[in-house]
Amino acid sequence: MSGGVMRLALRETHAAFGATLGVRRGWEVPLAYGDPEGEYRALRAAAAAFDRSARSRFLVTGPDALDVLRGALAGAVEELEEGRAGRFAVLDGEGNIADLVLAARMGGAAYLVSGEPERRGVLGEKLRGAIGDGFEVRVDDRTETTCTIGVAGPGAAQCMAQFVAEALPGRLGPLHCAAFEFHGFRALAVRTSDTGEDGFELVLAPAVASHLLGTLRSAGVALAGAEALEVARVEACIPAWTPDLEPGLSPAEADLDVLLGIPGGREGRILAAFLLEGPAAPPGTAVTDDAGRTVGEVRSCVAAWGLKGTAGLAIIDAAAAYPGAALAAGGARLLVAAKPLYRRRTEGSARW
(Lines give C-alpha, C1' and ligand atoms only; values in the text may rest on other atoms or scores of the structure.)
Protein backbone atom coordinates (compact mmCIF):
# COMPACT_ATOMS: atom_id res chain seq x y z
CA MET A 1 0.00 0.00 0.00
CA SER A 2 1.35 3.45 -0.91
CA GLY A 3 -0.23 6.76 0.15
CA GLY A 4 -3.47 5.01 1.09
CA VAL A 5 -3.75 3.30 -2.31
CA MET A 6 -3.88 -0.50 -2.28
CA ARG A 7 -1.87 -2.49 -4.81
CA LEU A 8 -2.91 -5.77 -6.38
CA ALA A 9 -0.80 -8.83 -5.71
CA LEU A 10 -0.54 -9.25 -9.49
CA ARG A 11 0.49 -5.65 -10.18
CA GLU A 12 3.79 -6.63 -11.79
CA THR A 13 2.09 -9.37 -13.82
CA HIS A 14 -0.34 -6.84 -15.28
CA ALA A 15 2.47 -4.39 -16.02
CA ALA A 16 4.42 -7.12 -17.82
CA PHE A 17 1.32 -7.84 -19.92
CA GLY A 18 1.23 -4.19 -21.05
CA ALA A 19 -1.41 -2.79 -18.71
CA THR A 20 -1.77 0.91 -18.05
CA LEU A 21 -2.31 1.18 -14.30
CA GLY A 22 -4.43 3.76 -12.51
CA VAL A 23 -6.36 4.23 -9.27
CA ARG A 24 -9.99 3.18 -9.11
CA ARG A 25 -11.97 2.91 -5.89
CA GLY A 26 -8.87 3.04 -3.69
CA TRP A 27 -6.89 0.40 -5.61
CA GLU A 28 -4.27 0.62 -8.32
CA VAL A 29 -5.70 -1.56 -11.09
CA PRO A 30 -5.19 -2.25 -14.79
CA LEU A 31 -7.17 0.40 -16.66
CA ALA A 32 -6.54 -1.16 -20.07
CA TYR A 33 -4.08 -3.30 -21.98
CA GLY A 34 -3.82 -0.87 -24.89
CA ASP A 35 -7.31 -1.00 -26.40
CA PRO A 36 -10.24 -0.60 -23.98
CA GLU A 37 -12.90 -0.84 -26.68
CA GLY A 38 -11.21 -3.91 -28.17
CA GLU A 39 -11.18 -5.51 -24.71
CA TYR A 40 -14.87 -4.75 -24.38
CA ARG A 41 -15.59 -6.24 -27.81
CA ALA A 42 -13.74 -9.42 -26.83
CA LEU A 43 -15.86 -9.67 -23.69
CA ARG A 44 -19.06 -9.32 -25.68
CA ALA A 45 -18.05 -11.54 -28.62
CA ALA A 46 -16.00 -14.33 -27.03
CA ALA A 47 -14.42 -14.20 -23.55
CA ALA A 48 -12.12 -11.99 -21.54
CA ALA A 49 -10.20 -12.47 -18.30
CA PHE A 50 -9.72 -9.78 -15.67
CA ASP A 51 -8.53 -9.18 -12.12
CA ARG A 52 -11.26 -8.66 -9.50
CA SER A 53 -8.88 -8.90 -6.53
CA ALA A 54 -9.74 -5.40 -5.29
CA ARG A 55 -12.95 -6.87 -3.91
CA SER A 56 -12.76 -7.89 -0.26
CA ARG A 57 -12.67 -11.58 0.68
CA PHE A 58 -13.52 -12.94 4.14
CA LEU A 59 -13.51 -16.61 5.07
CA VAL A 60 -16.09 -17.43 7.77
CA THR A 61 -15.78 -20.92 9.24
CA GLY A 62 -17.02 -22.90 12.23
CA PRO A 63 -20.22 -24.36 13.66
CA ASP A 64 -21.69 -20.88 14.17
CA ALA A 65 -20.69 -19.44 10.79
CA LEU A 66 -24.28 -19.32 9.56
CA ASP A 67 -25.39 -17.38 12.63
CA VAL A 68 -22.64 -14.82 11.97
CA LEU A 69 -23.81 -14.38 8.40
CA ARG A 70 -27.41 -14.08 9.56
CA GLY A 71 -26.37 -11.28 11.90
CA ALA A 72 -24.20 -9.46 9.37
CA LEU A 73 -26.07 -9.76 6.07
CA ALA A 74 -29.57 -8.83 4.93
CA GLY A 75 -31.23 -11.56 2.92
CA ALA A 76 -32.07 -15.24 3.15
CA VAL A 77 -28.58 -16.49 4.04
CA GLU A 78 -30.04 -19.61 5.65
CA GLU A 79 -31.24 -20.74 2.20
CA LEU A 80 -27.67 -21.08 0.92
CA GLU A 81 -27.11 -24.76 0.33
CA GLU A 82 -23.65 -26.24 0.05
CA GLY A 83 -22.23 -25.40 -3.35
CA ARG A 84 -24.45 -22.36 -3.82
CA ALA A 85 -23.78 -18.61 -3.79
CA GLY A 86 -26.01 -15.58 -3.40
CA ARG A 87 -26.12 -11.79 -3.40
CA PHE A 88 -26.75 -10.00 -0.11
CA ALA A 89 -26.51 -6.55 1.41
CA VAL A 90 -24.93 -5.13 4.52
CA LEU A 91 -27.21 -2.49 6.04
CA ASP A 92 -26.24 0.32 8.37
CA GLY A 93 -28.16 1.39 11.48
CA GLU A 94 -30.59 3.43 9.36
CA GLY A 95 -31.38 0.59 7.00
CA ASN A 96 -29.28 1.97 4.17
CA ILE A 97 -26.98 -0.19 2.04
CA ALA A 98 -23.44 -0.18 3.47
CA ASP A 99 -22.04 -2.92 1.20
CA LEU A 100 -23.12 -5.38 -1.49
CA VAL A 101 -21.66 -8.85 -1.13
CA LEU A 102 -21.45 -12.22 -2.79
CA ALA A 103 -21.50 -15.10 -0.30
CA ALA A 104 -20.55 -18.62 -1.37
CA ARG A 105 -21.10 -21.69 0.82
CA MET A 106 -18.03 -23.80 0.15
CA GLY A 107 -18.73 -26.55 2.71
CA GLY A 108 -21.01 -27.38 5.58
CA ALA A 109 -19.78 -24.53 7.79
CA ALA A 110 -17.46 -22.57 5.53
CA TYR A 111 -18.44 -19.43 3.62
CA LEU A 112 -16.50 -16.99 1.46
CA VAL A 113 -17.94 -13.48 1.62
CA SER A 114 -16.77 -10.93 -0.95
CA GLY A 115 -17.71 -7.24 -0.94
CA GLU A 116 -17.14 -3.88 -2.61
CA PRO A 117 -13.47 -2.75 -2.73
CA GLU A 118 -13.83 0.40 -0.66
CA ARG A 119 -16.08 -1.27 1.96
CA ARG A 120 -13.64 -3.90 3.21
CA GLY A 121 -13.42 -2.36 6.67
CA VAL A 122 -17.20 -2.09 6.95
CA LEU A 123 -17.74 -5.72 5.97
CA GLY A 124 -15.03 -7.00 8.32
CA GLU A 125 -16.44 -5.01 11.22
CA LYS A 126 -19.97 -6.22 10.50
CA LEU A 127 -18.92 -9.88 10.37
CA ARG A 128 -16.84 -9.70 13.53
CA GLY A 129 -19.54 -7.72 15.29
CA ALA A 130 -22.00 -10.54 14.65
CA ILE A 131 -19.94 -13.03 16.67
CA GLY A 132 -21.93 -13.73 19.81
CA ASP A 133 -20.72 -14.91 23.18
CA GLY A 134 -19.63 -18.52 23.05
CA PHE A 135 -19.71 -18.73 19.26
CA GLU A 136 -17.34 -21.22 17.65
CA VAL A 137 -16.38 -19.32 14.52
CA ARG A 138 -13.44 -17.71 12.75
CA VAL A 139 -13.52 -14.65 10.48
CA ASP A 140 -10.33 -14.40 8.42
CA ASP A 141 -9.58 -11.52 6.04
CA ARG A 142 -8.16 -13.15 2.90
CA THR A 143 -8.20 -10.02 0.74
CA GLU A 144 -4.43 -9.65 0.55
CA THR A 145 -3.52 -13.34 0.55
CA THR A 146 -5.77 -14.45 -2.32
CA CYS A 147 -6.77 -13.16 -5.74
CA THR A 148 -10.03 -13.20 -7.68
CA ILE A 149 -9.79 -13.68 -11.44
CA GLY A 150 -12.89 -13.25 -13.56
CA VAL A 151 -13.61 -14.89 -16.91
CA ALA A 152 -16.74 -13.68 -18.71
CA GLY A 153 -18.34 -13.61 -22.14
CA PRO A 154 -20.51 -15.87 -24.32
CA GLY A 155 -17.49 -18.15 -24.69
CA ALA A 156 -16.62 -18.20 -20.97
CA ALA A 157 -17.77 -21.78 -20.37
CA GLN A 158 -15.80 -23.08 -23.34
CA CYS A 159 -12.76 -21.10 -22.21
CA MET A 160 -13.01 -22.56 -18.71
CA ALA A 161 -13.39 -26.12 -20.00
CA GLN A 162 -10.46 -25.78 -22.39
CA PHE A 163 -7.94 -23.89 -20.29
CA VAL A 164 -8.92 -24.10 -16.60
CA ALA A 165 -10.88 -27.19 -15.54
CA GLU A 166 -12.78 -29.36 -18.00
CA ALA A 167 -15.56 -30.37 -15.59
CA LEU A 168 -16.31 -26.92 -14.13
CA PRO A 169 -18.82 -25.49 -16.62
CA GLY A 170 -20.98 -28.60 -16.51
CA ARG A 171 -20.97 -28.71 -12.71
CA LEU A 172 -21.90 -25.09 -12.13
CA GLY A 173 -25.22 -23.43 -12.81
CA PRO A 174 -25.68 -19.69 -12.17
CA LEU A 175 -24.67 -18.76 -8.62
CA HIS A 176 -23.21 -22.17 -7.89
CA CYS A 177 -19.70 -22.69 -6.53
CA ALA A 178 -17.22 -25.54 -6.42
CA ALA A 179 -13.67 -26.24 -5.36
CA PHE A 180 -11.34 -27.38 -8.15
CA GLU A 181 -7.66 -27.90 -8.86
CA PHE A 182 -5.62 -25.84 -11.29
CA HIS A 183 -2.20 -27.32 -12.00
CA GLY A 184 -2.29 -29.11 -8.67
CA PHE A 185 -3.40 -26.10 -6.59
CA ARG A 186 -6.81 -25.88 -4.91
CA ALA A 187 -9.11 -22.99 -5.88
CA LEU A 188 -12.76 -21.93 -5.72
CA ALA A 189 -15.00 -21.15 -8.70
CA VAL A 190 -18.31 -19.26 -8.57
CA ARG A 191 -20.45 -18.93 -11.68
CA THR A 192 -21.34 -15.26 -11.66
CA SER A 193 -20.64 -12.08 -13.59
CA ASP A 194 -21.46 -8.38 -13.38
CA THR A 195 -21.02 -7.77 -17.11
CA GLY A 196 -24.35 -9.01 -18.50
CA GLU A 197 -22.55 -12.12 -19.79
CA ASP A 198 -22.06 -15.64 -18.53
CA GLY A 199 -19.03 -15.70 -16.28
CA PHE A 200 -16.93 -17.24 -13.54
CA GLU A 201 -14.98 -15.80 -10.61
CA LEU A 202 -12.01 -17.86 -9.46
CA VAL A 203 -10.43 -17.39 -6.03
CA LEU A 204 -6.79 -18.54 -6.02
CA ALA A 205 -3.42 -17.97 -4.37
CA PRO A 206 -1.53 -15.08 -6.03
CA ALA A 207 1.13 -17.24 -7.71
CA VAL A 208 -1.56 -19.53 -9.11
CA ALA A 209 -3.62 -16.54 -10.29
CA SER A 210 -0.59 -15.15 -12.11
CA HIS A 211 -0.05 -18.48 -13.82
CA LEU A 212 -3.73 -18.66 -14.77
CA LEU A 213 -3.68 -15.21 -16.40
CA GLY A 214 -0.52 -16.12 -18.28
CA THR A 215 -2.09 -19.38 -19.48
CA LEU A 216 -5.21 -17.62 -20.73
CA ARG A 217 -3.25 -14.83 -22.39
CA SER A 218 -0.96 -17.30 -24.14
CA ALA A 219 -4.05 -19.14 -25.42
CA GLY A 220 -5.33 -15.93 -27.03
CA VAL A 221 -7.93 -15.01 -24.42
CA ALA A 222 -8.17 -11.23 -24.15
CA LEU A 223 -7.37 -9.46 -20.88
CA ALA A 224 -9.79 -6.68 -19.94
CA GLY A 225 -9.08 -3.64 -17.78
CA ALA A 226 -11.25 -1.46 -15.61
CA GLU A 227 -12.36 0.82 -18.45
CA ALA A 228 -13.90 -2.01 -20.48
CA LEU A 229 -15.42 -3.61 -17.39
CA GLU A 230 -17.00 -0.33 -16.29
CA VAL A 231 -18.80 -0.01 -19.62
CA ALA A 232 -20.08 -3.58 -19.35
CA ARG A 233 -21.20 -3.04 -15.74
CA VAL A 234 -23.14 0.12 -16.52
CA GLU A 235 -24.77 -1.43 -19.59
CA ALA A 236 -25.89 -4.32 -17.35
CA CYS A 237 -27.21 -1.76 -14.79
CA ILE A 238 -25.36 -3.33 -11.88
CA PRO A 239 -24.64 -0.73 -9.17
CA ALA A 240 -21.20 -0.18 -7.67
CA TRP A 241 -20.63 1.43 -4.29
CA THR A 242 -18.71 4.27 -5.91
CA PRO A 243 -20.36 6.19 -7.43
CA ASP A 244 -23.85 4.65 -7.47
CA LEU A 245 -24.62 3.89 -3.81
CA GLU A 246 -22.39 6.32 -1.91
CA PRO A 247 -23.63 7.66 0.44
CA GLY A 248 -25.79 4.66 1.25
CA LEU A 249 -29.18 4.45 -0.40
CA SER A 250 -32.05 2.42 1.00
CA PRO A 251 -32.63 -0.93 -0.75
CA ALA A 252 -35.74 0.52 -2.41
CA GLU A 253 -33.85 3.59 -3.64
CA ALA A 254 -31.09 1.34 -4.99
CA ASP A 255 -33.79 -0.76 -6.72
CA LEU A 256 -32.40 -3.86 -5.03
CA ASP A 257 -35.06 -4.72 -2.43
CA VAL A 258 -37.00 -7.13 -4.65
CA LEU A 259 -33.88 -8.66 -6.22
CA LEU A 260 -32.28 -9.31 -2.82
CA GLY A 261 -35.54 -10.12 -1.02
CA ILE A 262 -35.04 -7.53 1.73
CA PRO A 263 -37.19 -4.70 3.16
CA GLY A 264 -37.10 -1.62 0.95
CA GLY A 265 -37.02 1.11 3.56
CA ARG A 266 -37.05 4.76 2.48
CA GLU A 267 -38.67 5.48 -0.90
CA GLY A 268 -39.33 8.54 -3.03
CA ARG A 269 -36.40 8.21 -5.45
CA ILE A 270 -34.78 5.35 -7.34
CA LEU A 271 -31.53 4.42 -9.08
CA ALA A 272 -32.70 4.46 -12.68
CA ALA A 273 -31.03 3.63 -15.99
CA PHE A 274 -30.81 6.24 -18.72
CA LEU A 275 -29.62 6.99 -22.24
CA LEU A 276 -28.05 10.39 -22.89
CA GLU A 277 -27.92 12.31 -26.16
CA GLY A 278 -24.41 13.68 -25.73
CA PRO A 279 -21.03 12.92 -24.18
CA ALA A 280 -20.75 11.22 -20.81
CA ALA A 281 -21.78 13.44 -17.90
CA PRO A 282 -19.65 13.34 -14.73
CA PRO A 283 -21.09 11.94 -11.48
CA GLY A 284 -23.02 14.61 -9.63
CA THR A 285 -24.40 16.28 -12.75
CA ALA A 286 -27.92 17.48 -12.00
CA VAL A 287 -30.85 15.78 -13.72
CA THR A 288 -33.65 18.25 -14.49
CA ASP A 289 -37.21 18.04 -15.79
CA ASP A 290 -38.75 20.07 -18.61
CA ALA A 291 -39.42 22.94 -16.20
CA GLY A 292 -35.77 23.10 -15.17
CA ARG A 293 -36.38 21.63 -11.72
CA THR A 294 -33.67 19.36 -10.32
CA VAL A 295 -35.12 15.86 -9.93
CA GLY A 296 -31.94 13.87 -9.41
CA GLU A 297 -28.27 13.47 -10.23
CA VAL A 298 -26.08 11.31 -12.43
CA ARG A 299 -24.15 8.59 -10.60
CA SER A 300 -22.47 6.52 -13.37
CA CYS A 301 -22.16 7.50 -17.04
CA VAL A 302 -20.11 5.99 -19.86
CA ALA A 303 -19.77 5.87 -23.62
CA ALA A 304 -21.64 2.58 -23.99
CA TRP A 305 -19.96 0.88 -26.95
CA GLY A 306 -22.47 -1.95 -27.10
CA LEU A 307 -25.38 0.48 -27.25
CA LYS A 308 -23.71 2.92 -29.66
CA GLY A 309 -24.45 5.84 -27.36
CA THR A 310 -24.06 7.22 -23.85
CA ALA A 311 -25.67 5.45 -20.91
CA GLY A 312 -25.63 5.46 -17.15
CA LEU A 313 -27.35 5.26 -13.80
CA ALA A 314 -28.87 8.20 -11.95
CA ILE A 315 -30.73 8.66 -8.68
CA ILE A 316 -34.03 10.28 -9.72
CA ASP A 317 -37.28 11.22 -7.97
CA ALA A 318 -39.56 8.22 -8.38
CA ALA A 319 -42.34 10.27 -9.98
CA ALA A 320 -39.95 11.23 -12.80
CA ALA A 321 -38.12 7.92 -13.15
CA TYR A 322 -40.55 5.88 -15.24
CA PRO A 323 -39.13 4.33 -18.46
CA GLY A 324 -39.59 6.74 -21.34
CA ALA A 325 -39.45 9.89 -19.20
CA ALA A 326 -37.61 12.70 -21.03
CA LEU A 327 -35.33 14.70 -18.75
CA ALA A 328 -31.98 16.50 -19.14
CA ALA A 329 -28.45 16.35 -17.73
CA GLY A 330 -25.65 18.79 -18.48
CA GLY A 331 -27.73 20.42 -21.20
CA ALA A 332 -28.28 17.12 -23.05
CA ARG A 333 -31.52 15.18 -23.42
CA LEU A 334 -31.76 12.24 -21.00
CA LEU A 335 -34.19 9.39 -21.53
CA VAL A 336 -35.04 7.08 -18.62
CA ALA A 337 -34.79 3.46 -19.82
CA ALA A 338 -35.85 0.03 -18.56
CA LYS A 339 -33.20 -2.13 -16.88
CA PRO A 340 -30.99 -3.78 -17.90
CA LEU A 341 -29.76 -1.78 -20.86
CA TYR A 342 -27.85 -4.89 -21.99
CA ARG A 343 -28.22 -8.54 -21.08
CA ARG A 344 -27.45 -11.62 -23.11
CA ARG A 345 -30.19 -14.11 -22.37
CA THR A 346 -28.26 -17.29 -21.68
CA GLU A 347 -28.37 -19.72 -18.76
CA GLY A 348 -25.16 -18.43 -17.26
CA SER A 349 -26.13 -14.76 -17.39
CA ALA A 350 -29.72 -15.08 -16.19
CA ARG A 351 -28.96 -13.66 -12.77
CA TRP A 352 -26.49 -11.08 -11.50
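The values are calculated or read from the model by the stated rules, or taken from the named source; none is laboratory data. It should be emphasised that the depicted structure is a prediction, and the values quoted were computed from it without experimental measurement. Don't worry about glycine lacking a Cβ; one is built from the backbone with ideal geometry, like all the others, and counts go over all protein chains shown. Note: areas computed on protein heavy atoms with side chains; ligands, DNA, RNA excluded. Shrake-Rupley method; radii C 1.70, N 1.55, O 1.52, S 1.80 Å.
Some values worked out for this structure:
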| read-out | value |
| --- | --- |
| Mean Cα-pair separation over length for the stretch 160-314, i.e. relative contact order, pairs under 8 Å, 6 or more apart, % | 15 percent |
| Calculated FRET value between Glu37 and Arg142, using beta carbons and R₀ = 41 Å, to 0.05 | 0.75 |
| For the stretch 182-218 versus the stretch 219-282, the gap between their alpha-carbon centres in whole angstrom | 24 Å |
| Cα centroid separation - the stretch 2-49 against the stretch 285-326, whole Å | 28 Å |
| Accessible area of the stretch 242-352 divided out per residue, in Å², using a probe of 1.4 angstrom | 48 Å² |
| Average accessible area per residue (Å²) across the stretch 1-141 - probe 1.4 Å, nucleic acids and ligands excluded | 41 Å² |
| Long-range amide H partners of Val287 with built H, under 5 Å | Val295, Gly296, Glu297, Val298 |
| Carbon/sulfur fraction of accessible area - the stretch 243-352, other protein chains in place, 1.4 Å, % | 54 percent |
| Sequence-distant residues sharing a close amide H with Arg84 (under 5 Å, placed H) | Arg105, Cys177 |
| Whole-Hz couplings from phi, Karplus 6.51/-1.76/1.60, listed for the stretch 314-330; x for Gly and Pro | 9, 8, 10, 3, 4, 5, 10, 10, 7, x, x, 5, 9, 10, 8, 8, x |
| Förster radius 22 Å - calculated FRET efficiency between Ala338 and Glu277, Cβ distance, rounded to 0.05 | 0.80 |
| The stretch 114-169, accessible surface, carbon-and-sulfur percent (1.4 angstrom probe) | 42 percent |
| Estimated vicinal HN-Hα couplings, Hz - the stretch 46-60 in sequence order (Karplus 6.51, -1.76, 1.60; Gly, Pro = x) | 9, 7, 9, 10, 7, 9, 10, 5, 5, 5, 5, 9, 10, 9, 10 |
| Extended-chain gain in nm, criterion 0.36 nm per residue less alpha-carbon gap, Arg7 and Ala179 | 59.3 nm |
| Lys339 accessible area, assembled protein chains, probe 1.4 Å, Å² | 80 Å² |
| Leu307 paired with Glu125, simple spin-label distance in nm, labels 7 Å along Cα-to-beta-carbon | 3.5 nm |
| DSSP H segments from the chain that extend 15 Å or more along their own axis, Cα-based, with Kyte-Doolittle mean of 0.5 or above | 206-218 |
| Distance-filtered residues of the stretch 251-273 - backbone nitrogen under 12 Å, label point 7 angstrom along Glu94 Cα→Cβ | 266 |
| Efficiency of FRET between Ala319 and Ala207 - r from beta-carbon atoms, R0 56 angstrom, step 0.05 | 0.55 |
| Residues whose placed amide H lies under 5 Å from that of Leu8, excluding near-sequence neighbours | Glu28 |
| Computed label-point distance, nm, for sites Glu79 and Phe17 using a 7 Å Cα→Cβ extension | 3.6 nm |
| Area accessible to solvent at Ile238, 1.4 Å probe radius, in Å² | 10 Å² |
| Cα centroid of the stretch 69-90 to Cα centroid of the stretch 114-129, whole Å | 15 Å |
| Where GluC sites (Glu not before Pro) in DSSP loops with at most 16 other Cβ within 10 Å are excluded, longest remaining stretch of the chain | 167-266 |
| J(HN,Hα) series, the stretch 238-253, from Karplus relation 6.51 cos²θ - 1.76 cosθ + 1.60, nearest Hz, glycine and proline x | 9, x, 10, 4, 10, x, 6, 9, 7, x, x, 8, 5, x, 5, 5 |
| Relative contact order %, the chain, counting alpha carbon pairs below 8 Å whose residues are six or more apart | 17 percent |
